[in-house]
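One structure is given below, encoded as structure tokens.
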Ligand code: GLN
């Protein structure tokens with residue numbers, strides 16, 4: 001199994017370290033030609049969704065990645081990655097990959113509570129540590145979307161088929177559960 005990690009901006013190195021820990025091979029996707037390589041799943045990291053979105057357009061990668069996902073490529077988006085996958089962003093006119101039937105709010109926790117750590121359940125897993133950094137949350141989900149985590153009543157992790165998203169940064173906690181969940185999705189593919 002090989003996972004491609006989008007490496008235009010943001011916390012891609014931390015995702016690769018997590019995959020190393022799980023003995024999963026990964027490589028960095030930096031340009032359109034990298035998308036012609038063979039890989040079984042894609043990770044879109046946290047960072048700044050406007051920057052990553054602009055680079056995806058400028059480097060002519062947006063449509064190819066969207067096609068991969070629409071053709072069934074498993075994808076895991078964290079934080080900015082979740083925003084890039086969302087069908088709708090309530091506080092922005094931008095739309096990016098828009099493959100997942102979720103409506104998200106950028107910087108939803110405001111400036112005062114920009115970053116925080118907490119613990120909540122993730123699917124069947126109790127007490128998962130979660131790190132939030134100027135995070136979005138999900139306001140609304142379509143019928144095909146399964147909610148995996150809520151924090152203070154807000155949805156912070158969800159899955160639609162082979163698309164997995166988290167508001168938080170599991171690559172920064174040292175807990176591999178969310179990455180293992182994604183690898184299981186890829187393995188079942
Ligand atoms: N605030 C960022 C955005 O809107 C997301 C933050 C993150 O990925 N840590 O894109």
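Among the helices (runs of 4 or more DSSP H) lying completely within the stretch 32-103, list those that include at least 1 residues that are within 14 Å of the chain's Cα centre (by Cα) and modelled with pLDDT under 95.
Details: elements: 49-58, 62-70, 80-85.
Filter on the stretch 32-103 gives an empty set.
Checking residue 102 against (1) under 20 Å from residue 8 (Cβ atoms); (2) away from the ligand (no atom under 14 Å from the Cβ); (3) touching a residue at least 60 places away in the same chain (Cβ under 8 Å), which test does it fail?
Unmet for residue 102, out of (1) under 20 Å from residue 8 (Cβ atoms); (2) away from the ligand (no atom under 14 Å from the Cβ); (3) touching a residue at least 60 places away in the same chain (Cβ under 8 Å): (1).
Condition test on residue 14, is it within 12 Å of the ligand (Cβ to nearest atom), farther than 18 Å from residue 97 by Cβ, surrounded by fewer than 22 Cβ atoms within 10 Å (Cβ to Cβ) and modelled with pLDDT of 95 or more? Quick ask: steps written out before the conclusion?
Working: within 12 Å of the ligand (Cβ to nearest atom): yes; farther than 18 Å from residue 97 by Cβ: yes; surrounded by fewer than 22 Cβ atoms within 10 Å (Cβ to Cβ): yes; modelled with pLDDT of 95 or more: yes.
Judged against the criteria, residue 14 is a match.
Select from the stretch 105-147 the residues that are more than 16 Å from the ligand (Cβ to nearest atom) and in contact with a helix residue (DSSP H, G or I) (Cβ under 8 Å, 6 or more places away or on another chain) and write down the one among them that is farthest from residue 173 (Cα to Cα).
Checked the stretch 105-147; the qualifying residue farthest from residue 173 (Cα to Cα) is 123.
Can you say whether residue 168 is buried (at least 20 other Cβ atoms within 10 Å of the Cβ) and in a strand (DSSP E or B), as far as the supplied structure shows?
Working: buried (at least 20 other Cβ atoms within 10 Å of the Cβ): yes; in a strand (DSSP E or B): no.
No: the conditions fail for residue 168.
The values are calculated or read from the model by the stated rules, or taken from the named source; none is laboratory data. Treat the numbers as computed from the prediction; the structure is a model and nothing was measured. Because the Cβ atoms are built from the backbone with ideal geometry, glycine has one as well, and the counts that use them run over all protein chains shown.
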